[in-house]
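Asker: Sharing a structure below in structure tokens format, with a few things to ask.
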Amino acid sequence: MKKINKELILRTDDYKLLISYLNGGNKRTAFDRRNAEDLQAELTKAKLVNSDNFPPDVVRINSTVQVKAEDREEIMEFMLVTPDKANIKERKISVMAPIGTALIGFRKGQQVNWQVPAGKKTFTILEVIND
């Protein structure tokens with residue numbers, strides 16, 4: 001899968017956490033194997049920065065994100081979390097879910113193309129809130 005636009009930016013601690021999930025170092029999670037392979041390929045190209053230099057408008061673990069799918073009017077808002085904290089009723093989406101892996105490391109205003117269960121979608125990142 002290919003993402004459109006610019007480089008992927010990740011905090012070093014988020015990168016290490018994602019790699020440990022991909023390698024099964026954390027509790028096993030149910031996520032699509034191909035999606036994991038796509039994420040792993042993206043991670044190898046990521047620019048890693050420490051927390052002091054991390055841009056405030058880039059999606060990371062624990063970001064609250066507003067996105068809009070190209071083909072829909074509704075705006076989705078959710079928090080990107082580790083798989084153990086995911087809870088759809090609380091609008092907490094796992095970073096290992098297709099939409100999570102699609103958005104991590106991209107900034108407000110960027111468009112992201114990713115394969116989701118409903119097919120290939122283009123999302124625009126409207127807002128990123130990092131506490």
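Asker: Could you tell me which of the pairs LYS16/LYS89; LYS16/LYS120; LYS47/LYS89; LYS16/LYS108; LYS92/LYS120 are separated by over 26 angstrom between their Cα atoms in the structure shown?
Answerer: Going by Cα-Cα distance, LYS16/LYS89; LYS16/LYS120; LYS47/LYS89 fall outside the 26 Å limit.
Asker: Can you tell me the relative contact order of the range 9-129? Whole percent, Cα pairs under 8 Å, sequence separation 6 or more.
Answerer: Answer for the range 9-129 is 26 percent.
Asker: Using the Karplus curve 6.51 cos²θ - 1.76 cosθ + 1.60 with θ = phi - 60°, what ³J(HN,Hα) values do you get for each residue of the range 125-130, in whole Hz, with x for Gly and Pro?
Answerer: Listing the rounded values in order: 7, 8, 8, 9, 10, 10 Hz.
Asker: Peptides 46-55, 8-17, 101-110: what's the order by average Cβ count within 10 Å, highest mean first?
Answerer: 101-110, 8-17, 46-55
Asker: For the chain, what is the charge dipole size about the Cα centre, in debye to the nearest 20, if Lys and Arg each add +1 at the Cβ and Asp and Glu each add -1 at the Cβ?
Answerer: 320 debye
Asker: If you take every DSSP beta bridge fully contained in the range 9-129, what fraction is antiparallel? Give it as a percent rounded to 5.
Answerer: If we restrict to bridges inside the range 9-129, about 75 percent are antiparallel.
Asker: Quick check: from the Cα gyration tensor, does the chain come out rounded (a/c under 1.5), prolate or oblate?
Answerer: Rounded.
FYI, it's all coordinate maths here, none of it is from the lab. A quick note: this is a predicted structure, and the numbers were derived from the prediction, not measured. Note that each Cβ is placed from the backbone with ideal geometry, even for glycine, and that neighbours are counted across all protein chains shown.
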